[in-house]
Amino acid sequence: MPSVFLKTYGCQMNERDSEAVAARLLARGFDLAPSEEAADIVLLNTCTVRQSAEEKAWNKMQALLADRRRQNGRRVLGMLGCMAQACGGDLLERLPGIDLVVGTRKLHRVPDFLGDLLEGRRAAICETGDEPGSQNALREHLDPAARPRPAVTAFVNIMQGCNHRCAFCVVPKTRGPERSRPLPEIVDECRQLIDRGVREITLLGQIVNRYGRHEMADIDGRSPFVQLLEAVDALDGLERLRFTAPHPDGYGADLVEAYARLPKLCESAHLPVQSGSDRILHLMRRGHTVEQFRSLVDQLRRVRPGIGLITDLIVGFPGETDADFEATLDLVRQVEFDQAYLFKYSHRPDTPAAAMPDQVPLGVREARHAELIKTVDEIAARRYQQFLGRHVQVLVEGPSRKNARRWTGRTRCHKIVLLEGSDRQLGQLIDVRITRTGRYTLYGDSAWIGMD
Ligand code: SF4
């Protein structure tokens with residue numbers, strides 16, 4: 001069977017989707033090519049959250065098409081995911097020669113579409129329609145045999161889409177309305193992963209703390225999302241539980257309290273705040289104020305002292321003044337995040353923000369971005385320094401991608417730790433003494449106290 005190379009752009013959701021598509025292709029007898037050069041079929045799983053991600057995939061596909069023309073080749077070329085969903089059939093015209101365009105709700109059918117192409121039943125396929133139940137269709141994980149080492153951590157999709165409609169965001173358009181998977185099916189998928197040696201699971205979705213809002217009821221004041229956390233936390237063999245990405249206004253008292261009650265729920269929270277200015281939060285249609293966000297941070301730090309906090313921030317949103325930006329810097333200094341994903345506002349077609357007045361010039365966005373990076377890095381460096389000499393529990397995940405002589409894992413508060421390691425420690429929870437800190441990295445020695 002032909003070999004397929006899947007190149008993924010963008011977020012963890014895309015990574016997870018690509019893994020499931022790869023597992024389905026293998027189950028259909030396709031091979032996974034070790035490199036693009038060796039592949040008969042090249043598929044790009046795309047992202048449109050920012051202009052830069054879209055440009056990268058666009059340029060890549062143009063290069064692949066030009067290369068195929070030059071070599072008069074027969075390689076099959078396709079675009080999947082958010083860009084395919086947003087542009088649809090337009091891509092067939094604007095990228096003449098492309099063979100396949102598959103949107104976010106049809107990814108599970110990629111093996112079928114490739115079969116149609118290879119057997120000449122169809123050509124120039126574009127599939128971006130809706131499909132009931134699509135949120136529940138991508139649940140395969142790569143077989144351990146298809147990996148160099150068994151996976152210790154895994155992501156599990158719990159829902160698709162978002163109804164929030166933040167003014168800068170294309171996700172509601174590319175991923176559609178919120179649709180959640182049945183709780184028992186998610187728990188079953190987690191159980192199967194644990195049986196395969198997974199020790200840490202991250203529940204995944206665009207707005208996870210709204211899980212089940214349209215399909216399930218609260219029970220004794222516990223939201224469907226907290227019911228799901230409880231069910232996964234109860235699974236034997238699981239050591240750690242995480243989730244991403246939530247929305248601050250989806251944090252009810254039950255979810256905050258869950259951090260104190262569920263032993264495997266790790267003390268780390270990804271809290272995208274986007275801006276420190278109430279005026280900008282209002283223009284962004286984020287649905288909460290800075291004070292409400294600060295109060296949430298205080299509640300989480302009360303129930304789990306030392307909780308690791310990660311955020312997302314956008315600078316240069318239309319209308320952002322120096323004072324608004326200063327308010328963002330103030331919030332960062334007050335909260336002292338452990339890490340932050342920092343973005344320059346990116347103009348996205350068909351979003352409310354795209355039509356707003358007072359677009360901020362690129363030069364100003366770049367200057368603010370640089371200043372924010374500097375501020376966040378300085379604070380984070382101080383927070384990482386506090387780990388020097390301390391003992392932390394690390395789940396060993398495998399060799400470091402950057403330096404194979406070192407092994408890597410994470411603390412419960414989501415900090416990367418590099419240490420001396422070997423296959424004997426894979427998937428083990430070990431006690432590590434921190435001896436050095438680097439940029440968003442801790443270095444440690446382990447006396448290696450095994451789980452058994
Ligand atoms: S909550 Fe997140 S995914 Fe949903 S519209 Fe806002 S930024 Fe986009």
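Restricting things to Cα coordinates, could you compute the convex hull volume per residue of the stretch 176-328 in Å³?
Per residue, the Cα convex hull of the stretch 176-328 comes to 126 Å³.
Tell me, in nm to one decimal, what length is gained between GLU215 and GLU336 on full extension, where the rule is 0.36 nm per residue of separation less the Cα-Cα distance?
Gain in length upon complete extension: 39.9 nm.
How many angstrom separate the Cα center of the stretch 161-175 from the Cα center of the stretch 57-97?
25
Per the 1.4 Å probe, what fraction of the accessible area of the stretch 17-62, in percent, lies on carbon and sulfur atoms?
Using a 1.4 Å probe with all protein chains present, the stretch 17-62 comes out at 46 percent carbon and sulfur.
Rolling a 1.4 Å sphere over the protein heavy atoms, what is the accessible area per residue of the stretch 1-72, to the nearest Å²?
Heavy-atom SASA per residue in the stretch 1-72 reads 48 Å².
If you scale each eigenvalue of the Cα gyration tensor by 5 and take the root, what three semi-axes come out for the stretch 340-407, rounded to whole angstrom and sorted largest first?
Calculated on Cα positions only, the semi-axes equal 38, 18, 11 Å.
Taking θ = phi - 60°, what integer Hz values does the Karplus form 6.51 cos²θ - 1.76 cosθ + 1.60 yield along the stretch 30-40, in sequence order, with x for Gly and Pro?
6, 9, 9, 6, x, 8, 4, 4, 8, 8, 8
At 0.36 nm per residue, and after removing the present C-alpha to C-alpha distance, how many nm does the segment from ASP195 to ASP143 gain when stretched out fully?
17.5 nm
Would you work out which of LEU77, PRO132, SER295 lies farthest towards the positive end of the dipole of the chain, given +1 charges on the beta-carbon of Lys and Arg and -1 on that of Asp and Glu, about the Cα centre?
About the Cα centre, the residue reaching furthest to the positive side is LEU77.
So between ALA253 and VAL187, what do we pick up on full extension, going 0.36 nm a residue minus the alpha carbon distance?
21.4 nm
Looking at the calculated P(r) for the chain, what percent of the C-alpha pair distances fall above 35 Å?
Beyond 35 Å sits 34 percent of the P(r) for the chain.
Tell me, for the chain, which Cys residues have no other cysteine's C-beta sitting closer than 4.7 Å.
If one checks each Cβ against the other cysteines of the chain, CYS11, CYS47, CYS82, CYS87, CYS126, CYS162, CYS190, CYS266, CYS413 turn up with nothing under 4.7 Å.
Identify the GluC sites (Glu not before Pro) of the stretch 66-134 meeting these criteria: DSSP loop state and at most 11 other C-beta atoms within 10 Å of the C-beta.
Here the GluC sites (Glu not before Pro) that fit, given the DSSP loop and packing criteria, are GLU119.
For every other residue with a beta carbon closer than 12 angstrom to the beta carbon of THR435, add +1 if it is Lys or Arg and -1 if Asp or Glu, then tell me the sum.
+1
Roughly how many nanometres apart are two label points built 7 Å out from the Cα toward the Cβ at TYR440 and ARG406?
According to this spin-label approximation, the distance is 1.5 nm.
Would you calculate a helix-derived [θ] at 222 nm for the chain, using -39,500 (n - 2.57) for each DSSP H run of n ≥ 4 and dividing by the full residue count, to the nearest 500?
-10500 deg cm²/dmol
Can you pull the percent of the stretch 231-347's accessible area that's carbon plus sulfur, 1.4 Å probe, other chains left in place?
50
Could you work out the local net charge near LEU65, counting Lys and Arg as +1, Asp and Glu as -1, over the other residues with Cβ closer than 12 Å to its Cβ?
Overall, the nearby charge balance is +4.
When DSSP assigns beta bridges and you keep just the ones with both residues in the chain, what percent turn out antiparallel, to the nearest 5?
If I count the DSSP bridges inside the chain, around 35 percent turn out antiparallel.
From the cross-link list LYS56/LYS106; LYS7/LYS56; LYS56/LYS415; LYS264/LYS402, which pairs have alpha carbons spaced over 20 Å apart?
Result: LYS56/LYS106; LYS56/LYS415; LYS264/LYS402 exceed 20 Å.
Ranked highest first by average number of other Cβ atoms within 10 Å, how do 94-107, 418-431, 380-393 line up?
So the order, starting with the most tightly packed, is 94-107, 418-431, 380-393.
The values are calculated or read from the model by the stated rules, or taken from the named source; none is laboratory data. No experiment lies behind these values; they were computed from the predicted model shown. Glycine gets a Cβ as well: all are built from the backbone with ideal geometry, and neighbour counts include every protein chain shown. In case anyone asks, the SASA skips ligands and DNA or RNA and just uses the protein heavy atoms, side chains included. Shrake-Rupley method; radii C 1.70, N 1.55, O 1.52, S 1.80 Å.
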